[in-house]
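Let me begin by presenting the structure, written as structure tokens, before commenting on it.
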Amino acid sequence: MRKRDCSGTLWLFDLDNTLHNASHAIFPAINRNMNAYMARVLSVDGKPADAATVDAVRQDYYQRYGITMLGMVRHHGVSAEEFLQEAHQFDDLITMLRFERGLRNLFRRLPGKKILLTNAPHFYSHRVIRHLGLHKHLDGHIPVEAMRVHGQLQPKPSRPFLRKLLAKYGKTAKKCILVEDSIDNLRAAKNQGLRTVWVTGYIPAGQNKKSAACVDVKVKSVLQLVKNYRSLV
Ligand SMILES: [Mg+2]
């Protein structure tokens with residue numbers, strides 16, 4: 001039997017809550033940092049905004065733009081760099097990381113190119129991916145500041161950026177697989193014709209984990225792809 005050529009597959013891997021457990025300590029720290037920074041930016045007459053105001057603005061921007069940072073850049077004149085620096089301040093990032101053994105083996109096994117596609121900034125994702133030991137197994141690393149269309153920031157779930165990415169790698173959508181914990185990002189990818197893997201193991205308890213039409217494969221851990229990636233490539 002002729003062996004199927006799988007080398008043309010392009011894997012797009014999210015980072016936080018897909019390859020490691022950001023809910024454990026990193027997301028709580030980012031939330032605290034972001035709230036404190038936003039309270040300062042939204043202050044009136046030198047008085048920091050209260051928690052309810054910050055929360056309402058965060059939710060509004062997250063829903064409108066898929067990422068809070070974009071709303072702060074567009075409506076409050078802050079720079080993306082400053083926002084990302086302020087949000088990603090950690091006392092000791094490495095000790096805050098929680099992840100499973102076997103990620104390197106997974107990346108070795110998967111056929112095709114593997115790209116990191118994260119709405120996090122490079123100075124952070126670079127450190128995390130090195131600590132996970134995956135930097136040598138990646139064919140590309142696209143942090144949030146590199147997600148631009150016509151010079152404008154277009155983070156996930158931007159469909160124009162996905163189209164640009166496919167064109168850059170010369171791939172049709174069918175050859176491309178997004179591996180993610182965010183259902184909004186998976187839905188945008190599916191609408192664009194990509195295949196999708198939903199990773200649910202790090203999603204906090206209480207959040208909806210019911211499968212959706214935009215999900216081709218649902219896994220608790222990304223490591224389950226070692227056994228079932230063949231149905232996708
Ligand atoms: Mg994520």
Among (1) surrounded by fewer than 20 Cβ atoms within 10 Å (Cβ to Cβ); (2) within 16 Å of the ligand (Cβ to nearest atom); (3) within 30 Å of residue 112 (Cα to Cα) - the single one residue 8 does not satisfy: (2)
Scan of segment 150-172 for residues that are under 16 Å from residue 214 (Cβ atoms) and either at pLDDT below 95 or crowded, with 17+ Cβ neighbours inside 10 Å (or both), ordered by number: 156, 157, 158, 162
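Residue check: is residue 232 modelled with pLDDT under 95 and touching a strand residue (DSSP E or B) at 6+ places or on another chain (Cβ under 7 Å)?
Numbers: modelled with pLDDT under 95: yes; touching a strand residue (DSSP E or B) at 6+ places or on another chain (Cβ under 7 Å): yes.
It is true that residue 232 is modelled with pLDDT under 95 and touching a strand residue (DSSP E or B) at 6+ places or on another chain (Cβ under 7 Å).
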Residue 109: passes all of (1) closer than 23 Å to residue 179 by Cα; (2) outside the structural domain of residue 201 (by TED's automatic domain parsing); (3) not hydrophobic (A, V, I, L, M, F, W, C) but (2)
How many residues does segment 19-53 contain that are touching a residue at least 40 places away in the same chain (Cβ under 8 Å) and in contact with a strand residue (DSSP E or B) (Cβ under 8 Å, 6 or more places away or on another chain)? 3
Of the residues that sit in segment 146-204 and are charged (D, E, K, R), in contact (Cβ under 8 Å) with a residue 60 or more places away in the chain and more than 11 Å from the ligand (Cβ to nearest atom), which one is nearest to residue 9 (Cα to Cα)? 175
What number of residues in segment 108-138 are more than 17 Å from the chain's Cα centre (by Cα) and surrounded by 15 or more Cβ atoms within 10 Å (Cβ to Cβ)? 5
Can residue 127 be described as away from the ligand (no atom under 16 Å from the Cβ), in the same structural domain as residue 180 (by TED's automatic domain parsing) and either more than 30 Å from residue 230 (Cα to Cα) or at pLDDT below 95 (or both)? yes
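The values are calculated or read from the model by the stated rules, or taken from the named source; none is laboratory data. The shown structure was predicted, so the numbers you read here are calculated from the model rather than taken from an experiment. Please note: Cβ atoms are built from the backbone with ideal geometry, for glycine as well, and neighbour counts cover all protein chains shown.
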